[in-house]
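Down below is the structure, laid out as structure tokens.
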Amino acid sequence: MTRPEAQSGAIPSDPIQFIDLAEQQRRIRALIEDAIRKVLDHGKYVMGPEVAEFEAEISEFCGAREVISCSSGTDALILPLLALKIGPGDAVFVPSFTFTATAEAVALTGATPVFVDVDEHYFCMSPASLSEAIDATKRAGKLRLRAVIPVDLFGTPVDYNAIESVAKTDSLIVLADAAQSFGARYCDRGVGKLGHVTATSFFPAKPLGCYGDGGAIFTDDPDLAEAIRSIRIHGRGTGGKYDNVRIGTNARLDTIQAAVLREKLKIFPEELESRQKVADRYEMLLDGLVTTPKRRPDSTSAWAQYTIVTSDRDRLAAELKNRGIPTAIYYPRPLHMQPPYRDYPVAPDGLATTESLCRRVLSLPMHPYLTESQQLRIAAAVKEVVSR
Ligand SMILES: *Cc1c(COP(=O)(O)O)cnc(C)c1O
């Protein structure tokens with residue numbers, strides 16, 4: 001492939017989607033309709049057979065011993081925190097450069113989110129900043145140290161070995177927020193085998209998405225899994241429907257969503273390969289124009305997003321929009337600077353990298369069905385803008 005030459009002129013007729021869910025649907029629409037029809041026929045809309053079937057298939061896919069499907073990625077974070085009895089007086093370390101749900105889940109349990117900085121290259125929690133935040137929390141002496149929630153932002157797993165070695169000194173539980181990284185691998189472990197417990201999301205735009213809300217929790221700890229399963233259905237015990245052994249909630253995955261996910265899981269490995277090809281092509285086409293995402297040699301990414309870094313971000317976004325190329329900013333404002341979260345503690349040296357990335361990141365169209373000619377158009381437009 002040759003480097004594209006800058007091309008200007010009218011917006012071509014083949015529109016570029018930021019995330020193209022329609023193309024995937026066209027591909028498997030008949031299979032999904034059949035799967036939904038089966039649910040309509042048997043009528044078990046809540047915890048129907050497709051839920052257990054999907055859990056078995058996804059456990060096989062990622063290697064986790066226990067899989068608990070649930071109603072969203074947000075609930076996939078809340079349920080393990082509740083099962084671990086994390087609440088008021090407890091500190092849970094989270095990045096500020098993430099989607100709201102990571103910190104929100106902690107705050108909802110009554111625990112205190114403590115914000116930690118990320119590293120410049122992988123956009124993921126910095127082990128050094130985590131270590132400083134832990135020391136500062138200990139010195140302040142007000143909170144019990146309980147857990148850390150590293151986020152596999154944009155699809156690349158966090159450096160789990162480094163985070164785990166910091167976490168284990170104080171026996172912190174590692175709850176992996178893998179909402180964007182399901183399908184990725186780290187040091188021969190699939191997402192779902194990282195940390196003590198892993199949460200993922202099946203929101204439609206995530207790498208593996210359903211047609212509504214959905215999520216899942218993975219762990220190898222059978223006792224933790226049992227507590228999470230119970231909390232998912234109102235704290236139910238083993239003595240039947242009205243036997244309650246703890247305070248729980250309603251956080252089940254709908255049968256129809258499980259049926260949709262079973263069909264999507266079949267093409268997911270191939271879609272992950274396509275995402276990788278799209279990322280490889282971007283890297284080649286954008287080399288030297290903007291900072292492209294760095295790859296960890298020991299990991300693969302699920303490429304939930306393809307996020308570049310550039311000092312002239314706002315102008316680039318506006319100019320791309322003018323040329324019919326959609327982009328998104330994940331995330332324009334760090335959580336620790338927003339009203340609901342600004343009174344929570346931050347790492348003692350501050351979150352300079354987080355604040356700087358929020359001004360410079362830009363996510364380009366990314367999905368398995370992005371074509372080479374569309375990527376050539378995107379790269380040509382980027383080149384035209386940044387070289388002016
Ligand atoms: C999407 C997302 C969530 C929440 O998932 P929902 O299914 O939308 O509740 C949590 N954390 C991160 C990092 C996410 O991207």
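Annotation: average projected area of the chain is 19.9 square nanometres, based on the convex hull of Cα atoms across all directions. Based on protein heavy atoms only, the chain ends up with 43 Å² per residue of surface accessible to a 1.4 Å probe.
Only helical runs count toward this figure. For the chain, summing -39,500 (n - 2.57) over DSSP H runs of n ≥ 4 and dividing by all residues gives -13000 deg cm²/dmol at 222 nm. For the peptides 293-305, 88-100, the ranking by mean Cβ contacts within 10 Å, running from highest to lowest, is 88-100, 293-305. For the chain, with all protein chains in place and a probe radius of 1.4 Å, 51% of the accessible heavy-atom surface sits on carbon or sulfur. Beta bridges from DSSP with both residues in the range 98-241: antiparallel share about 55 percent, rounded to the nearest 5.
DSSP beta bridges confined to the chain are antiparallel in about 60 percent of cases.
Taking a span of 30 Å or more along the helix axis (Cα atoms) and a mean Kyte-Doolittle hydropathy of at least -0.5 as the rule, the DSSP H helices of the chain that qualify are 255-286.
A simple charge model with +1 on the Cβ of Lys and Arg, -1 on the Cβ of Asp and Glu and nothing else charged puts the dipole of the range 77-163 at about 540 debye relative to its Cα centre.
Taking one quarter of the surface of the convex hull spanned by the alpha-carbon atoms of the range 268-343 gives a direction-averaged projected area of 7.8 nm².
Taking all Cα pairs closer than 8 Å and separated by 6 or more residues, the relative contact order of the chain comes to 24 percent. The spacing between the range 357-372 and the range 60-127, judged by their C-alpha centroids, is 24 Å.
The values are calculated or read from the model by the stated rules, or taken from the named source; none is laboratory data. What you see is a predicted model; the values in this text were computed from it and never measured. Please note: Cβ atoms are built from the backbone with ideal geometry, for glycine as well, and neighbour counts cover all protein chains shown. For accessibility, only protein heavy atoms count, side chains too; no ligands or nucleic acids. Shrake-Rupley method; radii C 1.70, N 1.55, O 1.52, S 1.80 Å.
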